[in-house]
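Here is the structure we will look at, set down as structure tokens.
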């Protein structure tokens, strides 16, 4: 018998994964406060620094399929421990770097690969295994960790860099990674999903996955639906990493104080924490494509609002409104992929989509932010591009189908859950 009074173990995995993603996202997306100190210390131009960040985004994306291979060959625990080792070694290497090439390899390449192993995309398969009926809700809560990372880490990084410098700040975060990731990997990340659950998790998961047993990667890649999701992730990566890399410098260039700029960007994450919790309650009750449309539509308007803000109240107002639906695109894209293509291929499909879409977009967005400012003398070009891409992604999202046919012999139907429990 199942003890309904006990918290379903899958939620412990969600909590642990969310904390890991908080750290990962905070370090990866919180590059803005590090930009000026590192450029001054290593004598890098903004274009050179942006290029290194872009290379890091590509390396982060390459790490996704590699993480999928490790997951298939071993398990989540091995993946996390490997990622933790790479992150710690890379941080030490970054701190002792004195030139462009050394910093490019340590921070741009290897740290990004290590963080990829600890990312939400790498952790979403194990959550998808433990949750079926509330998969969207669980994945939204995982996204909350990412938003908390932006909200918490950006102002903390700015504060710490001002006190102890960027070298010691990175070393401190390396210690935090060890303190939090190591016990999570050893004691919480279990792959043994029970055959029976309490109705909130894995119950019914076996039947759903068996319906997708004959689907191949080639079948999935032939569908236009998959590439619509890839484009949506491209828009997400472009905009989110543009904001993470150039949001604070852009606001400082627009005459906001550094802490005001940091809190302006951080407020997006703070509000997004509550926004993702609210959207998580809706994720399994309404068509996921409608939620994905809303996320991208408001986000697109938000980019225009940020770059055009001229007063502090305008900045905080735009951040607060945009933060309501700022997160959720990756969570919803992952849930839709799991619904349409099944959990069995979710790791590789999500990893490829994240690399080809999200991280290519991230690399272009990060580079374009620095290059566009130096060439055109304004941030309007890059942030307007992010807004337009997000609006186009909203159109792609709303046109996603509710069912897919892969061949005459095999038809996979997606029945979006209108009610929780269906």
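The values are calculated or read from the model by the stated rules, or taken from the named source; none is laboratory data. Everything numeric here is computed off the predicted structure, so don't read it as measured data. Here the Cβ is made from the backbone with ideal geometry for all residues, glycine too, and neighbour counts use every protein chain on show.
Every listed requirement among (1) crowded, with 17+ Cβ neighbours inside 10 Å; (2) assigned to a helix (DSSP H, G or I); (3) at pLDDT below 90 is met by residue 274 save one, (1). For the range 44-51, does any single residue satisfy the condition of being out of contact with any helix residue (DSSP H, G or I) (no Cβ under 6 Å at 6 or more places or on another chain), surrounded by fewer than 17 Cβ atoms within 10 Å (Cβ to Cβ) and either part of a helix (DSSP H, G or I) or modelled with pLDDT of 90 or more (or both)? There is at least one residue in the range 44-51 that is out of contact with any helix residue (DSSP H, G or I) (no Cβ under 6 Å at 6 or more places or on another chain), surrounded by fewer than 17 Cβ atoms within 10 Å (Cβ to Cβ) and either part of a helix (DSSP H, G or I) or modelled with pLDDT of 90 or more (or both). What is the one condition in (1) touching a residue at least 60 places away in the same chain (Cβ under 8 Å); (2) more than 19 Å from the chain's Cα centre (by Cα); (3) farther than 23 Å from residue 333 by Cα that residue 163 does not satisfy? (1) is the only condition that residue 163 fails.
With respect to the conditions (1) more than 17 Å from residue 90 (Cα to Cα); (2) in contact (Cβ under 8 Å) with a residue 12 or more places away in the chain; (3) in contact with a helix residue (DSSP H, G or I) (Cβ under 7 Å, 6 or more places away or on another chain), residue 39 falls short on a single one, namely (2).
Can you tell me which condition residue 189 does not meet? The list is (1) over 15 Å from the mean Cα position of the chain (by Cα); (2) assigned to a helix (DSSP H, G or I), and all the others hold. Against the list (1) over 15 Å from the mean Cα position of the chain (by Cα); (2) assigned to a helix (DSSP H, G or I), residue 189 comes up short only on (2). On the stretch given as the range 247-271, residues that are surrounded by fewer than 17 Cβ atoms within 10 Å (Cβ to Cβ) and in a loop (DSSP other than H, G, I, E, B) total 3. Beta carbons closer than 8 Å, at least 6 apart along the sequence or on distinct chains, pair a first residue in the range 337-365 that is in contact (Cβ under 8 Å) with a residue 24 or more places away in the chain and at positive phi with a second that is surrounded by fewer than 24 Cβ atoms within 10 Å (Cβ to Cβ) and in a helix (DSSP H, G or I) for 342/208; 342/209. Checking each residue of the range 352-374 against the condition of being farther than 30 Å from residue 117 by Cα and surrounded by fewer than 20 Cβ atoms within 10 Å (Cβ to Cβ) gives at least one match.
In summary, helices (runs of 4 or more DSSP H) completely within the range 98-154 and bearing 1 or more residues that are touching a residue at least 40 places away in the same chain (Cβ under 8 Å) and crowded, with 24+ Cβ neighbours inside 10 Å occur at 111-117, 120-130. Residues in the range 204-241 that are modelled with pLDDT under 70 and part of a helix (DSSP H, G or I): 205, 206, 207, 208, 209, 210. Figure legend. Inter-residue proximity from the range 278-300: first residues more than 27 Å from residue 243 (Cα to Cα), second residues at pLDDT 80 or above and in a helix (DSSP H, G or I), beta-carbon distance below 6 Å, spacing 6+ or different chains. Indicated pairs: 284/137.
Just need a number here: residues in the range 54-77 that are within 18 Å of residue 345 (Cα to Cα), in a helix (DSSP H, G or I) and either in contact with a helix residue (DSSP H, G or I) (Cβ under 8 Å, 6 or more places away or on another chain) or in contact (Cβ under 8 Å) with a residue 24 or more places away in the chain (or both).
So the first thing to find is which residues in the range 54-77 are within 18 Å of residue 345 (Cα to Cα), and the list is 61-76.
Still in the list and also in a helix (DSSP H, G or I): 61-73, 76.
From the residues that got through so far, the ones that are either in contact with a helix residue (DSSP H, G or I) (Cβ under 8 Å, 6 or more places away or on another chain) or in contact (Cβ under 8 Å) with a residue 24 or more places away in the chain (or both) too are 61-68, 70-72, 76.
Within the range 54-77, residues that are within 18 Å of residue 345 (Cα to Cα), in a helix (DSSP H, G or I) and either in contact with a helix residue (DSSP H, G or I) (Cβ under 8 Å, 6 or more places away or on another chain) or in contact (Cβ under 8 Å) with a residue 24 or more places away in the chain (or both) number 12.
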